Structures are given as C-alpha cells and as structure tokens.
Amino acid sequence: YLGRRYDFDALESTSYEITTRMEAHRLAEARVIERIAKLFEKLDLVKFTDFVPSVEEAHQAVEEIRSLVMTTRKIRVRT
C-alpha cells in the first residue's frame with residue numbers, strides 16, 4: 001500500500017528504508033510516519049523472530065493498519 005500510495009518501490013525496501021524515505025521526501029506528516037515506524041517495529045518482531053502475538057495484539061495491529069490506510073488514502077473526487 002505505501003509504495004503505491006507514495007509512488008516508490010516499498011516491496012524491495014526494509015522497514016527502516018521505507019520510513020527514512022518517507023521522512024526525507026516528506027511524503028506524509030511526521031506523526032503518520034511515526035505511527036508507521038512503531039507499527040513496523042511490532043511487525044518486524046513477528047517477521048524476524050519466533051514472537052507470536054496474542055489474538056488481541058493481532059487485532060490491534062489490523063486496526064492500526066486500517067486506521068493508517070484511512071488516514072493516508074487519496075480522496076477521489078467525482079467529476
């Protein structure tokens with residue numbers, strides 16, 4: 001989503017590279033980038049370790065992702 005939304009190759013980037021690029025190019029508000037960075041910290045634990053989140057933590061992550069998408073989506077104007 002982030003790569004398509006902000007027009008860069010996020011799939012081939014690390015979490016750090018994504019947030020650093022977003023900060024450097026001011027692709028989103030600082031508070032949004034901070035939220036994304038905090039989310040990546042949690043997700044990277046799952047991706048790179050044996051950590052298994054609780055059901056509640058998983059639900060919270062999904063809600064945070066949903067909130068970030070709703071906050072950063074482009075609003076389409078019908079003409």
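Only one of (1) more than 21 Å from Lys74 (Cβ to Cβ); (2) under 12 Å from the mean Cα position of the chain (by Cα); (3) not in a helix (DSSP H, G or I) is not met by Ala28, so which one is it? Here Ala28 meets the rest and fails (1). Within the range 39-67, the set of residues being open to solvent by less than 60 Å² (accessible area, probe 1.4 Å) and either over 21 Å from Met22 (Cβ atoms) or touching a residue at least 40 places away in the same chain (Cβ under 8 Å) (or both) comprises Pro53, Ser54, Ala58.
So is Leu2 open to solvent by less than 50 Å² (accessible area, probe 1.4 Å), at negative phi and of a type in the set (A, V, I, L, M, F, W, C) or not?
Yes; evaluated as a whole, the condition is true for this residue.
Could we say that Met70 is surrounded by 14 or more Cβ atoms within 10 Å (Cβ to Cβ), of a type in the set (A, V, I, L, M, F, W, C) and assigned to a helix (DSSP H, G or I) here? Here the answer is no, as Met70 does not meet what is asked.
If you go through the range 20-38 and pick out every residue that is free of Cβ contacts under 8 Å to residues at least 40 places away in the same chain and surrounded by 14 or more Cβ atoms within 10 Å (Cβ to Cβ), you end up with 9. Of all residues in the range 45-61, those satisfying the criterion of being at pLDDT 95 or above and part of a helix (DSSP H, G or I) are Val55, Glu56, Glu57, Ala58, His59, Gln60, Ala61. Restricting attention to the range 1-20, the residues that are more than 19 Å from Arg73 (Cβ to Cβ), of a type outside the set (S, T, N, Q) and touching a Phe, Trp or Tyr at 6+ places or on another chain (Cβ under 9 Å) add up to 1.
The values are calculated or read from the model by the stated rules, or taken from the named source; none is laboratory data. Just so we're clear, the structure is a prediction, and the values are computed from it rather than from any experiment. Using ideal geometry, Cβ is built from the backbone for each residue, glycine included, and neighbour counts are taken over all protein chains shown. Side chains are part of the model used for accessible areas, which takes the heavy atoms of the whole protein and leaves out ligands, DNA and RNA. Shrake-Rupley method; radii C 1.70, N 1.55, O 1.52, S 1.80 Å.
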